[in-house]
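The values are calculated or read from the model by the stated rules, or taken from the named source; none is laboratory data. These numbers were taken from a predicted model, which means no experiment stands behind them. Using ideal geometry, Cβ is built from the backbone for each residue, glycine included, and neighbour counts are taken over all protein chains shown. Quick note on the areas: whole protein, heavy atoms, side chains included, nothing else; ligands and nucleic acids left out. Shrake-Rupley method; radii C 1.70, N 1.55, O 1.52, S 1.80 Å.
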Amino acid sequence: MFARPWLALGVSFYLSVSAVAQQSTVGQSQIPLVLCVAGQCLQGFSNVSIGAKITSPNEPTPFQLLPGEYTSSTSPQTLHDLLASAASSLSASPGFDQSNLTSGSNNAPVLPLNLQLQPGLSIFTGKLYSGQAGFSALPTQPVGNNSAPLSGVGSLAVAQNIWAAISAGGSNANDRVVVWDSIPDFGQLPGNSLPPSASLELLDLQSAACSPACASGGVCSTSGTCTCPSNFQGSSCESCASGFFGPSCSPCPAGCTKCDDGIEGSGQCLGLIFQNQQDADSVPTKCNCVNGKCGANGQCQCNAGWQDGSDGTKCSTCKQGFFKTTTGDCQVCQLGCSQCSDQTGQCIVCAPKFSQDPVDKTKCDAPQTATSSGQVCPDGSFGDGAKCTPCASSCRTCTGPTSNDCVACSSGTFMLTVAAGATGGGGVGVCVSADGNGVCQGGLIADNIKSECDTCGAKCTSCKVPNFNVASTPDQVQCTGCLPGSVISNGNCVDSCPAGTVVSSQDNLTCVPCTSPCASCAGSPNFCLSCTGGQLAFEGKCISNTCPPGSFPFPASPATPNACHTCHADCATCTGSSFNQCTTCPPNRPVLSNGRCLPTCARNQFFSPGSGSNPVGQCQSCDSSCATCSGSGSGSCMSCPDGSGMVLRAGKCVTAQSTCPAAPSSSSSGSGTANGVVPGLGVCLTELILLPSSATNLPPLPTITGLTDPTNVQTVKRPLTWWEILLMALGCAFIFLVIIMLWRRRAKKQRKQRTKMFVEKKGLDRGQGMGWRWRLGRLFSRNNKTTGDAAASNKNKKDKSKERRLSQASRRSSTRPGVADGEYKMRNLGRDVEAGGGDWDEEEGRMEERDRDAESFFDKYDYSTKARSSMAPSSLPPLGGTSRSRQRSQRSDTRNQKPRFAETARVYQARDYDEDIDEDEEDYQTEHKVSRTSMYSEMTGIPRRGPEPRQPVKDVGAASITSTHVKLVRPGTGNSNGNGSGKGKNTNLLLNSRFSVSTIGSSRFPTGIPEGDLIDIPPVPTEAQAYALATRPDLATLGPLEPTHTGSTNKSGLSSRNPFRQHF
């Protein structure tokens, strides 16, 4: 069946080719044209029809393009201009897709032009691809045993990765030749392969992309998958679809519900055969029905005693008044019982006036009727007031005069209960009669034991009791009709016939036994599936105990076989039904490989048939000079390798230069040929055309310029369209915005880092809240230190005593009220010193604490009168402090000076002694601006000891300097009254603030003075005073320096009293 499309194709193919056979060959009916491949064109006479023909009003002759790829840079120049011209028109030969090669109404070529043969086979009536052309596409269904004649074929072209099996017309398997490449001339093939005079036939045509190869039921596609017809299935199309049987997967008989299908199946019907589609649609499974028949509207018509179940399944439970037996039937309850239980049939609810029998729980006893006087009426009568009245003739007992009042029916009639379909009356049912087969009204069957009409049974639509009489019992009931899809076996309705029986072909309902010697049969009683007496069933017949060729015993060992099954269609002989259990192969699939029979060897191999002791053939490699071959040796080549520059001559591959005509000297070999040989066609370019130099008696050719000129591709710059300009502008704007955003982000990050460094150096973050993270860290940190205090402690690890003093001062600074808010208080150093007692380390810590308070105050003070934000430039000195080496040199210069006053010298010595103690320490004051180098220090080399002139300085008079009295208290001594005097007298004067000119800071008292004596210590001169006294000793007699007007003015226009300010 699947070969018919291929056969029709082959007949039309044969007719189209035969009509013009041998009418056009090279040298006959030649026309002038230009024959081109990519990179080379030759002008001459030819009737080659493979490829595409392109014409143009600007060219006097058409151009014939051979298969290949043509681009915008393809040479020569004339071909390039022709391909790029919109006025050109292209017409492709059969086998080339015209729609993908052209555009527009005039079929202008589209570049790049990929001129390739579609998957299939193209044949030509003349040699060298000339004459009338025909094309056969890759089939979608297998060829099978049919073939297409190829009479009158002069040459053929095969698409890439496609192979064709061609036969010379003989019955021998050796006559089958597999063609992988194009054949320009059958006369050049090996003499033993495909002689030109032979009647050629096309046996198969497939793609080589599938691995593993497809079975005989499928066709390999170019995508590498097997295309299966509707009757085959599997990845290799190796098995039959459901409902198909045999090697060719033929369909099962029409209307058959179950068929012996599969590759090894017989196709016999194993079930019912429906005569029409209506019967097939009435099968209960079609409408989710169990014990009923599907109607035309999809509704289920239940059998007597059945109703729909609670789960939605149609006709699956028994009605009230019936119970389900152990065999799955619904039977009516005993007379007088309205409801009974499944399986046992015991009565659950009795009818009105009935009572359950004390002995037999399945029965309900009828009430006895009596007269008004209490007299019990006999059977056949009922109490009617004062007397008993006879019942109706159909009633054995009754409760009234009519037949509807019967409690039990008379002999020969049976009770049709209300549940079973009786209507009318007030009793339990109606008494009806039965026919000779015991059939009651409504299709029920009479039951002599129950005296009722009962159901026939599950799946049974009608039944009978042959020769029914009063002695008939329920086990004699036989079904006469079944639900659709069921058959009758032994009087019961079953799904299928038991073993040894088959559905009768006469009524298509009753199971009949198989005929001898069949042990089992299908379709008909005489089609054997298995046999008796040790015989084997093969194709419906019982044969001897040996299976014929092409079959295998079934079931396989160790079980005793009882049949012979046919091998898979791919195999000649086999050991099983699978397509990979072959032992020998048929002629159309001769190659045996790993249990499979394949249609062909590899491309560079040929099949060598077996003989003698080795009947199985095998694949052998071709000669190295061949691309494909039909046998061994260099003289059996079918084609030559592409790119080798060789062509086929009498089965041998020879060089093209030695056999092909020479091309004109002005024409050079292009990229489309290999040493003059056209790839994929196996022929020289000069063989396909008659050149003017070699042609005789031919008209002159028109002159065409540019056939030998290389292509000069000129790129025409087109102006940009408005949307391209807009898109470029938007892109540039977007890039600019991204750059600006990145620059701002980087600047913001750098500004944040500088701000953080400024805050850390200035100490602005000391004591300030830093958010929840800072508060959480402060809560669990050791000694409740702030981040700035911890950094200061880590910076002074060399000296543990210094670290302890700094941490103590830091804790007092951070916990003192007002410090965290930037509020600083001026304190009198003298009061703090005298109140400190004798603990000099503690006093020193307090003084360092005050120094930090003051320095923090100065750091936060904004001296810029023009500042409007926190980003105003600071007027404080640079962040870097004075180096230790510079401080030492400054102290050395100070020691070398000789101040005039001895007291002053002692004070300097005391200060130098104090600084030498911390000579190796990281001096705290070098990190703050109060102690950093001032202008005066840079000029004189002496470290400053007081604040800069710009900072607030307490204004004191000259008397403060000359009349300061200090009571000497040694370190370690206390003060009992706390007022600075051992005798309770407040004789000492409080020292001025550390910001005054008389501050003595943390300098120590000179030695050699008795403790408690009042001494007059001259005030410690400032650096400026000391410098002035050192340079001009005569100033000592003049008293303190007084500010004088220098004649200069400040920026506000006011006079300046700064003695260091010069007037410019």
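Kindly establish whether V654 is touching a helix residue (DSSP H, G or I) at 6+ places or on another chain (Cβ under 8 Å) and modelled with pLDDT of 90 or more.
Values: touching a helix residue (DSSP H, G or I) at 6+ places or on another chain (Cβ under 8 Å): no; modelled with pLDDT of 90 or more: yes.
When the stated conditions are applied, V654 does not pass them.
Determine whether G523 is at positive phi and crowded, with 18+ Cβ neighbours inside 10 Å.
Details: at positive phi: yes; crowded, with 18+ Cβ neighbours inside 10 Å: yes.
The answer is yes for G523.
Give the residues of the range 580-617 that are at pLDDT below 90, surrounded by 15 or more Cβ atoms within 10 Å (Cβ to Cβ) and part of a strand (DSSP E or B), sorted by residue number.
Answer for the range 580-617, where residues must be at pLDDT below 90, surrounded by 15 or more Cβ atoms within 10 Å (Cβ to Cβ) and part of a strand (DSSP E or B): just S608.
Any residue in the range 593-607 that is in contact (Cβ under 8 Å) with a residue 12 or more places away in the chain and within 25 Å of A499 (Cβ to Cβ)?
Within the range 593-607, not a single residue is in contact (Cβ under 8 Å) with a residue 12 or more places away in the chain and within 25 Å of A499 (Cβ to Cβ).
Among T125, T61, T102, T140, which is the only one that is of a type in the set (V, I, T) and under 23 Å from P702 (Cβ atoms)?
Numbers: T125 fails: under 23 Å from P702 (Cβ atoms); T102 fails: under 23 Å from P702 (Cβ atoms); T140 fails: under 23 Å from P702 (Cβ atoms).
Matching residue, one of T125, T61, T102, T140: T61.
State all residues of the range 547-564 that are open to solvent by less than 40 Å² (accessible area, probe 1.4 Å) and part of a strand (DSSP E or B); if no residue qualifies, say none.
S551, F552, A563, C564
Mind listing whichever residues of the range 374-408 are among the hydroxyl-bearing types (S, T, Y), in contact with a Phe, Trp or Tyr (Cβ under 7 Å, 6 or more places away or on another chain) and modelled with pLDDT of 85 or more? Walk me through how you get there before you give the answer.
So the first thing to find is which residues in the range 374-408 are among the hydroxyl-bearing types (S, T, Y), and the list is 381, 389, 393-394, 397, 399, 402-403.
Right, trim to in contact with a Phe, Trp or Tyr (Cβ under 7 Å, 6 or more places away or on another chain) and you get 389, 399.
Across the range 374-408, the qualifying residue is only T389.
Given (1) under 23 Å from S216 (Cα atoms); (2) free of Cβ contacts under 8 Å to residues at least 60 places away in the same chain; (3) part of a strand (DSSP E or B), where does S530 come up short, assuming only one miss?
Looking at each condition in turn, S530 falls short on (1).
Go through the range 526-539 and report how many residues are over 16 Å from V503 (Cα atoms) and open to solvent by less than 20 Å² (accessible area, probe 1.4 Å). Before you say what the answer is, go through the steps one by one.
To start, the set of residues in the range 526-539 that are over 16 Å from V503 (Cα atoms) comprises 530-539.
Of the ones still in play, those that are also open to solvent by less than 20 Å² (accessible area, probe 1.4 Å) are 530-531, 536-537.
The qualifying residues number 4.
Conditions first: (1) over 29 Å from C249 (Cβ atoms); (2) touching a helix residue (DSSP H, G or I) at 6+ places or on another chain (Cβ under 7 Å). Q307 passes all but one, so which condition is the exception?
(2)
State whether one or more residues within the range 710-723 are hydrophobic (A, V, I, L, M, F, W, C), at pLDDT below 85 and either open to solvent by 100 Å² or more (accessible area, probe 1.4 Å) or within 26 Å of H80 (Cβ to Cβ) (or both).
So in the range 710-723, the residues hydrophobic (A, V, I, L, M, F, W, C) come out as 713, 716, 720, 722-723.
If we keep only those that are at pLDDT below 85 as well, we get 713, 716.
When the remaining residues are screened for being either open to solvent by 100 Å² or more (accessible area, probe 1.4 Å) or within 26 Å of H80 (Cβ to Cβ) (or both), the result is 713, 716.
Taking every residue of the range 710-723 in turn, at least one turns out to be hydrophobic (A, V, I, L, M, F, W, C), at pLDDT below 85 and either open to solvent by 100 Å² or more (accessible area, probe 1.4 Å) or within 26 Å of H80 (Cβ to Cβ) (or both).
Only one of these is in a loop (DSSP other than H, G, I, E, B) and surrounded by 23 or more Cβ atoms within 10 Å (Cβ to Cβ): C210, C214. Name it. Write out each step before concluding.
Working: C210 fails: surrounded by 23 or more Cβ atoms within 10 Å (Cβ to Cβ).
Just a single option satisfies the conditions, and that option is C214.
Given the conditions (1) modelled with pLDDT of 90 or more; (2) more than 41 Å from the chain's Cα centre (by Cα); (3) open to solvent by less than 30 Å² (accessible area, probe 1.4 Å), and given that A572 satisfies all but one, which numbered condition is not satisfied?
Of (1) modelled with pLDDT of 90 or more; (2) more than 41 Å from the chain's Cα centre (by Cα); (3) open to solvent by less than 30 Å² (accessible area, probe 1.4 Å), only one is false for A572: (3).
Would you please list the contacts, defined by Cβ atoms under 6 Å and residues six or more apart or on different chains, that run from a residue in the range 750-777 that is part of a helix (DSSP H, G or I) and surrounded by 14 or more Cβ atoms within 10 Å (Cβ to Cβ) to a residue that is modelled with pLDDT under 70 and not charged (D, E, K, R)?
Matching pairs, first to second residue: K761/L879.
Mind listing just one residue for me: the one in the range 221-272 that is without any contact (Cβ under 8 Å) to a residue 12 or more places away in the chain and either open to solvent by less than 20 Å² (accessible area, probe 1.4 Å) or among the hydroxyl-bearing types (S, T, Y) (or both) and, of those, nearest to C564 (Cα to Cα)?
For the range 221-272, the residue satisfying everything is A241.
With the checklist (1) open to solvent by 40 Å² or more (accessible area, probe 1.4 Å); (2) free of Cβ contacts under 8 Å to residues at least 24 places away in the same chain; (3) of a type outside the set (D, E, K, R) in hand, flag the one item Q118 doesn't pass.
Q118 satisfies all of (1) open to solvent by 40 Å² or more (accessible area, probe 1.4 Å); (2) free of Cβ contacts under 8 Å to residues at least 24 places away in the same chain; (3) of a type outside the set (D, E, K, R) except (2).
Could you run through the range 217-241 and say how many residues are closer than 19 Å to G267 by Cβ, part of a loop (DSSP other than H, G, I, E, B) and of a type in the set (S, T, N, Q)?
Summing the residues that are closer than 19 Å to G267 by Cβ, part of a loop (DSSP other than H, G, I, E, B) and of a type in the set (S, T, N, Q) in the range 217-241 gives 2.
So L648 clears everything in (1) farther than 23 Å from V143 by Cα; (2) without any contact (Cβ under 8 Å) to a residue 40 or more places away in the chain; (3) touching a strand residue (DSSP E or B) at 6+ places or on another chain (Cβ under 9 Å) except one condition, right? Which one?
Result: L648 fails condition (2) only.
If I go through the range 495-519 residue by residue, how many of them are without any contact (Cβ under 8 Å) to a residue 40 or more places away in the chain and either over 17 Å from I273 (Cβ atoms) or touching an Asp or Glu at 6+ places or on another chain (Cβ under 6 Å) (or both)?
The total comes to 9.
Can G540 be described as touching a helix residue (DSSP H, G or I) at 6+ places or on another chain (Cβ under 9 Å) and in contact (Cβ under 8 Å) with a residue 60 or more places away in the chain?
When the stated conditions are applied, G540 does not pass them.
Under the condition of being of a type in the set (D, E, K, R) and under 20 Å from T705 (Cβ atoms), which residue from the range 34-83 is least open to solvent (accessible area, probe 1.4 Å)?
If we filter the range 34-83 for residues that are of a type in the set (D, E, K, R), which is where we start, we get 53, 59, 69, 81.
Next, only the ones that are under 20 Å from T705 (Cβ atoms) stay: 59, 81.
Details: E59: 46, D81: 79 Å².
Filtering the range 34-83 for residues that are of a type in the set (D, E, K, R) and under 20 Å from T705 (Cβ atoms), the one least open to solvent (accessible area, probe 1.4 Å) comes out as E59.
Taking the range 628-645, which residues are part of a loop (DSSP other than H, G, I, E, B) and either open to solvent by 20 Å² or more (accessible area, probe 1.4 Å) or not small (G, A, S) (or both)? Walk me through how you get there before you give the answer.
Start the filter on the range 628-645 by keeping residues that are part of a loop (DSSP other than H, G, I, E, B), which leaves 630-636, 640-645.
Result: S630, S632, G633, S634, G635, C640, P641, D642, G643, S644.
Identify the single condition in (1) at negative phi; (2) assigned to a loop (DSSP other than H, G, I, E, B); (3) more than 49 Å from the chain's Cα centre (by Cα) that S624 does not satisfy, given that it satisfies every other one.
So S624 meets the others, but not (3).
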